[in-house]
1. So, counting K/R as plus one and D/E as minus one, what does the shell of residues with Cβ under 15 Å around E93 add up to?
2. Tell me, what is the per residue accessible area of the range 54-155 in Å², probe radius 1.4 Å?
3. Which of the peptides 126-138, 62-74 is most tightly packed, and how do the rest follow, going by the mean number of other Cβ atoms within 10 Å of each residue?
4. How much FRET efficiency would the formula 1/(1 + (r/R0)^6) give for L95 and R139, where r is the Cβ-Cβ distance and R0 is 41 Å, rounded to 0.05?
5. So which aspartates and glutamates pass the test for K43, namely a Cα distance under 18 Å, with those fewer than 8 places away in the same chain ruled out?
6. Once neighbouring chains are kept in place and the probe is 1.4 Å, which whole percent of the accessible area of the range 56-149 is contributed by carbon and sulfur?
Amino acid sequence: MNKFRRITLATLAGGIAAAVGFQALAQGRRHGHGPIDPAELDKHLERMLKHLYVEIDATEAQKQQLEPIVKQAAKDLLPMRERVHAARREAIELLAQERIDPAALEALRAQQIGLADQVSRRLTRAIAEAAEVLTPAQRKELAAHFARRHGRWHG
């Protein structure tokens with residue numbers, strides 16, 4: 001395999017891995033299998049928010065502000081999930097062909113980078129909106145909470 005193909009395949013795999021990573025943020029409790037029931041997603045978000053409120057000692061006013069921020073972000077991210085699944089299926093089809101099409105791989109990679117950018121922008125907007133609702137002390141507590149969770153996943 002020539003250098004261009006190795007780089008293209010590595011880039012495609014990285015793009016798919018990044019896409020799978022953000023997919024987890026919008027998938028509810030089904031862990032990526034099948035369509036997500038909006039009611040199930042809403043229940044999952046309610047449980048997650050309930051724990052978050054306890055963790056940061058949120059006031060009632062903060063709860064009223066945070067809930068729509070989180071729920072709208074999840075609603076906005078949900079359609080991107082199917083695009084990730086479709087790209088994965090397309091990558092598998094491309095890699096299973098007798099001859100690899102570098103142009104098709106590059107197009108898929110570019111598409112997934114664009115999708116990852118869309119997701120990143122939406123998540124950043126939600127984080128910024130939520131940060132405006134929280135006090136500096138609550139933001140620090142939330143950051144510590146995420147650091148602890150990250151340590152469990154990757155430590």
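The values are calculated or read from the model by the stated rules, or taken from the named source; none is laboratory data. Everything numeric here is computed off the predicted structure, so don't read it as measured data. As a convention, Cβ positions derive from the backbone with ideal geometry for all residues, glycine included, and neighbour counts pool all protein chains shown. Only protein heavy atoms, including side chains, enter the accessible area calculation; ligands, DNA and RNA are left aside. Shrake-Rupley method; radii C 1.70, N 1.55, O 1.52, S 1.80 Å.
1. +1
2. Each residue of the range 54-155 exposes 66 Å² on average to a 1.4 Å probe.
3. Listed from highest to lowest mean packing, they are 62-74, 126-138.
4. 0.45
5. By straight Cα distance, K43 reaches E67, D76.
6. Reported share for carbon and sulfur atoms: 56 percent.
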